[in-house]
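Worksheet for the structure shown next.
Nothing in this text is a laboratory measurement; each read-out follows from the coordinates by a stated rule. Being a predicted model, the structure only gives us computed values, none of them experimental. Cβ: placed from backbone, ideal geometry, glycine included. Neighbour counts: every protein chain shown.
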Amino acid sequence: MNNINEIIVPNIPELSFSVNFVNVDKNTTVLRGRHFHKEFEIFRIDDGVMQLNSGEENLELRSGDVAFINSFYIHEIKAISSKCKATYIQIDLQPYINVFLGREDNFLYHYINSQYSEKYRVFRDEKISNIISDILNELTLKDNFYDMQIKSYIYQLIVYMLRYNFITNHKRLDIKSNEK
């Protein structure tokens with residue numbers, strides 16, 4: 001067993017996200033070469049040690065770490081220990097911003113990769129890790145209304161990103177623009 005990438009794209013079109021699993025059993029394996037995507041990525045290390053290469057620096061990610069990687073940011077992830085496992089979720093934020101913040105706040109999407117937003121952030125957070133586990137559980141069990149439950153978890157992730165200024169919220173942008 002070398003590299004296993006399993007991608008789950010739920011049959012819930014309005015959710016606009018995918019869930020990916022990675023299982024690596026050898027050192028220094030590039031999971032995916034330098035790339036970017038329009039989706040925001042939440043990368044959780046489930047086991048082992050991996051490295052996030054951003055072009056500017058190489059960050060070591062250990063079991064329990066979560067990396068938020070912003071849209072359109074060039075990055076690469078490598079397994080640097082044997083027996084690595086990770087789960088990552090890619091979310092197209094535009095549909096959520098349209099519904100969650102309203103169409104008049106559509107400009108927020110265009111600031112995701114701007115000077116006001118970070119390119120990536122690595123941290124440990126039990127709440128985020130638990131939300132990811134909850135999403136996986138709902139996708140596995142597919143109980144009644146699982147799609148609504150998953151949507152609520154995605155909204156929780158977006159609120160978290162807004163609350164802790166990973167994605168700059170519109171009120172903060174208004175303050176900054178008035179200061180100029």
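The gain in end-to-end length when the Asn137 to Leu59 segment is fully stretched comes to 25.2 nm, 0.36 nm per residue minus the alpha carbon separation. Taking a point 7 Å out from the Cα of Asp25 in the direction of its Cβ, the residues of the stretch 69-84 whose backbone N falls within less than 13 Å of it are 82-84. For the stretch 146-157, putting each phi into the Karplus relation 6.51 cos²θ - 1.76 cosθ + 1.60 with θ = phi - 60° gives couplings of 4, 5, 5, 5, 4, 4, 5, 5, 4, 4, 4, 4 Hz, in residue order, rounded to whole numbers and with x for Gly and Pro. Between the amide H of Asp125 and those of Val66, distances stay under 5 Å, these residues lying 5 or more places away or on another chain, with hydrogens modeled in the peptide plane.
Taking label points 7 Å from Cα along the Cα-to-Cβ direction, Lys83 and Phe145 give a separation of 4.1 nm.
Here the 3J(HN,Hα) profile of the stretch 79-91, calculated from phi with Karplus coefficients 6.51, -1.76 and 1.60 at θ = phi - 60°, is 8, 10, 10, 6, 6, 8, 9, 8, 10, 9, 10, 10, 10 Hz, Gly and Pro shown as x. Put simply, the amide H of Tyr73, placed in the peptide plane, has neighbours under 5 Å in His37, leaving out anything fewer than 5 places away on its chain. Close amide H partners of Lys119, meaning residues 5 or more places away or on another chain with modelled amide H under 5 Å apart, do not exist here.
Computed from phi, the 3J(HN,Hα) profile of the stretch 42-49 under the Karplus parametrisation 6.51, -1.76, 1.60 (θ = phi - 60°) reads 10, 10, 10, 7, 8, 7, x, 10 Hz, with x in place of Gly and Pro. In the structure shown, the pairs Lys38/Lys85; Lys78/Lys142; Lys85/Lys127; Lys26/Lys127; Lys26/Lys119 are assessed against 22 Å; a Cα-Cα span above that value is assigned to Lys38/Lys85; Lys78/Lys142; Lys26/Lys127; Lys26/Lys119.
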